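Peer 1: I have a structure here, written as structure tokens, and I will follow up with some questions on it.
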Number of protein chains: 2
Amino acid sequence: MANPRTVGGATQDSRVGYVIRQMEPPNLETPLDLVDSFITPSDLFYVRSHLPVPVIEREAYRLTIDGAVDSPLSLSYDDLVRMGSETRVATLECAGNGRVFLIPPAPGAQWELGAVGNANWTGVPLSTLLERAGLASDAVEIVFEGADRGKPKEEPVPPGEISYARGIPRAKALQPDVLIAYQMNGEDLPRDHGFPVRAIVPGHFGMASVKWLTRIHAVRQPFLGYWQTIDYGYWYDTDGMAARGSLGEMLVKSEILRPRVHEKVPPNQVYPIFGYAWAGESDVVSVEVSTDGGQTWAVATFIDEIKRHAWRRWRFDWHTPQNPGEHVLLSRASDSSSNVQPDKHDPHFGSYVINYPLPILVFVEQAGG
Amino acid sequence: MANPRTVGGATQDSRVGYVIRQMEPPNLETPLDLVDSFITPSDLFYVRSHLPVPVIEREAYRLTIDGAVDSPLSLSYDDLVRMGSETRVATLECAGNGRVFLIPPAPGAQWELGAVGNANWTGVPLSTLLERAGLASDAVEIVFEGADRGKPKEEPVPPGEISYARGIPRAKALQPDVLIAYQMNGEDLPRDHGFPVRAIVPGHFGMASVKWLTRIHAVRQPFLGYWQTIDYGYWYDTDGMAARGSLGEMLVKSEILRPRVHEKVPPNQVYPIFGYAWAGESDVVSVEVSTDGGQTWAVATFIDEIKRHAWRRWRFDWHTPQNPGEHVLLSRASDSSSNVQPDKHDPHFGSYVINYPLPILVFVEQAGG
């Protein structure tokens, strides 16, 4: 049967919940075939936790801004809210989204398609805070440190417990779209999403948007923390030698959410193939769909307009074949910087940045079957 | 029985060979209790290979000097020899020397005490080559690349094969003691030691002295290669956060080579405890010995004078007890920068930099036993 849900409609009902990828700390995936709105509801937005989830009272919360600044700051939650608010829509994707498609299997949470979501985030621009603190002219990165502490898993690990921390380049930190956010979709941040305060770095993979943010630390040397070098690192070629880099910007990507893998679709009908597409610091300008495993491609139709840093929903009406059989569906997005999804996974990214067209195998049923 | 060999004498005989730590590529340890000369013979000097050993003909050899330089160079073996020669004595220690003492066991070659050696190295100062090539004023590191290529073992690994490569800071590279060497102890480099040409970086752990050197590459950003970040990396604290650094300078260390672990020593006699001591960019100025597991310490006597970057042999005459029993022997060196060997292993170094006093458990025999 074709999926009965309305494309792009309000689809959330009480039977919709998460796919568990890890129990503790919680790693929960959104069933995006059932949650197909432009804005992902907060209580169904994917959850990616690295370390035990901290409990922080709003009244006890402090945010420190220190390091390479003229005037270190220590702000309360109320101080932050009083500094005004801006709201930005931003798609966050876990850098490991799609990992379960990798052959051979790669270690890590086995995300399928739903470790990505789009929300409205409200807070103070980071640039406002850095201006107030007086960012040093020779600061090269801004490091976000969270209140979540523990022992990471993959060797080599530092001794003892460490806090989750990630740096972003100075240029990105000064863009007005980077927020120190205290609201998600118009309400307090849920605990799993960083209550009371988190960073939001639009255009970057989700790990840059540090949750339970307690410190903004400006540094004069690139920060080579665990989640910059060991985890969330990648390999690049520098003058013929392999060197370690740190993941940052998301790459152009599209996903087919409907039909689902191994779905049975009726013959000789119009099936609305539905999906999302997004990019990092550029705009998605086209999505193509193949229903024959990549031999031929046709252009899909966007449901949403271009909005920098937000995904776009798209659909493609597939006239399903008369004869029963297997079909591999693919989608392929292009962005405004002329980037196209690659044909296959780039092994330099290891178990991250899975942005090749992910194969959705479906079965066309027997007529009258 | 007390060890019958002469302390500091010419001890090599035809029965002396290596301890195998890995067959291929060869990782071979020197039995330093039997090879106790100031200069370690080339054919018993420890061998540490990361990747399959390359075969390079002298006639086909080329050394490229490129990157952040005004005039890239390509030199033949003869070009290099014609640039003159300097000879330096230098102790090289594998950063994993002593790993087998770690509790719990750590992965990697299980070196005991003999992954360290001292040799005379002859070649052209690196500074001479950099001067001729015109090192850019903003070059921050010099990267040595070897001809040995392959797949490293510990995840995360880059895709495909990479060549062994290590960088040293600009300041070190310009010191006249860093050599591009083509002789070891007055003869051609043995194949396992880098024939025809290798780097020698005195004061640094052995992995900086890249063998089968084919490229000297000046860079304007720190080089974050596999053997800088994943392997041969360590953790340090930066403003309360853990960050990844790259091992470089050796730390002060001493070893007891005689007696050996579980050796039976006669009661009520003078047993000459023998060992080596070395440091990185400083001089070893004292060695203390404990024969009671660290409760009391007494000063040892040096056999060799201070010579920067070379080890010093030392001895301590132990008046063995009358009664039989177990004794834990320890040695502890201090250097001219007031560094002393630490009481225990620093977990920030992982399975490297094992420079706490290594316990040598011996048994005093029954009188007349």
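Peer 1: Return a yes/no flag: does the stretch B:134-149 have any residue that is at positive phi, at pLDDT 95 or above, more than 14 Å from chain A (Cβ to nearest Cβ) and not in a strand (DSSP E or B).
Peer 2: yes
Peer 1: Looking only at the stretch B:68-86, which residues are of a type outside the set (A, V, I, L, M), touching a residue at least 40 places away in the same chain (Cβ under 8 Å) and out of contact with any Lys or Arg (no Cβ under 8 Å at 6 or more places or on another chain)?
Peer 2: B:D70, B:P72, B:G84, B:S85, B:E86, listed by residue number.
Peer 1: State which residue is nearest to A:G233 (Cα to Cα) when the search covers only the stretch A:86-99 and only residues that are aliphatic (A, V, I, L, M) and crowded, with 19+ Cβ neighbours inside 10 Å.
Peer 2: Only one residue tops the list, namely A:A95.
Peer 1: Regarding A:P176, is this residue under 19 Å from the mean Cα position of the chain (by Cα), more than 10 Å from chain B (Cβ to nearest Cβ) and surrounded by fewer than 22 Cβ atoms within 10 Å (Cβ to Cβ)?
Peer 2: Spelling it out, it is not the case that A:P176 is under 19 Å from the mean Cα position of the chain (by Cα), more than 10 Å from chain B (Cβ to nearest Cβ) and surrounded by fewer than 22 Cβ atoms within 10 Å (Cβ to Cβ).
Peer 1: Mind counting the residues in the stretch A:184-208 that are touching a helix residue (DSSP H, G or I) at 6+ places or on another chain (Cβ under 7 Å) and part of a loop (DSSP other than H, G, I, E, B)?
Peer 2: 5
Peer 1: I've got another one for you. Are any residues in the stretch A:234-246 touching a residue at least 40 places away in the same chain (Cβ under 8 Å) and facing another protein chain (nearest Cβ under 7 Å), and if so, which ones?
Peer 2: Residue satisfying the conditions is A:W235 alone.
Peer 1: For the stretch A:26-40, does any single residue satisfy the condition of being part of a helix (DSSP H, G or I) and either modelled with pLDDT of 95 or more or surrounded by fewer than 13 Cβ atoms within 10 Å (Cβ to Cβ) (or both)?
Peer 2: no
Peer 1: If you don't mind, there's one more thing I want to ask. A:L224 fails exactly one of the following numbered conditions: (1) under 30 Å from A:V53 (Cβ atoms); (2) touching a helix residue (DSSP H, G or I) at 6+ places or on another chain (Cβ under 7 Å); (3) of a type outside the set (K, R); (4) without any contact (Cβ under 8 Å) to a residue 12 or more places away in the chain. What is the number of that condition?
Peer 2: Only one criterion in (1) under 30 Å from A:V53 (Cβ atoms); (2) touching a helix residue (DSSP H, G or I) at 6+ places or on another chain (Cβ under 7 Å); (3) of a type outside the set (K, R); (4) without any contact (Cβ under 8 Å) to a residue 12 or more places away in the chain is unmet by A:L224, namely (2).
Peer 1: When the residues of the stretch A:152-170 are narrowed to those that are surrounded by fewer than 18 Cβ atoms within 10 Å (Cβ to Cβ) and within 13 Å of A:T229 (Cα to Cα), which ends up nearest to the chain's Cα centre (by Cα)?
Peer 2: The extreme case among them is A:E154.
Peer 1: Additional query: How many of the residues making up the stretch A:209-233 are within 9 Å of another protein chain (Cβ to nearest Cβ) and either more than 21 Å from the chain's Cα centre (by Cα) or assigned to a strand (DSSP E or B) (or both)?
Peer 2: 9
The values are calculated or read from the model by the stated rules, or taken from the named source; none is laboratory data. Predicted model only: the values in this text are computed from it and were never measured. Because the Cβ atoms are built from the backbone with ideal geometry, glycine has one as well, and the counts that use them run over all protein chains shown.
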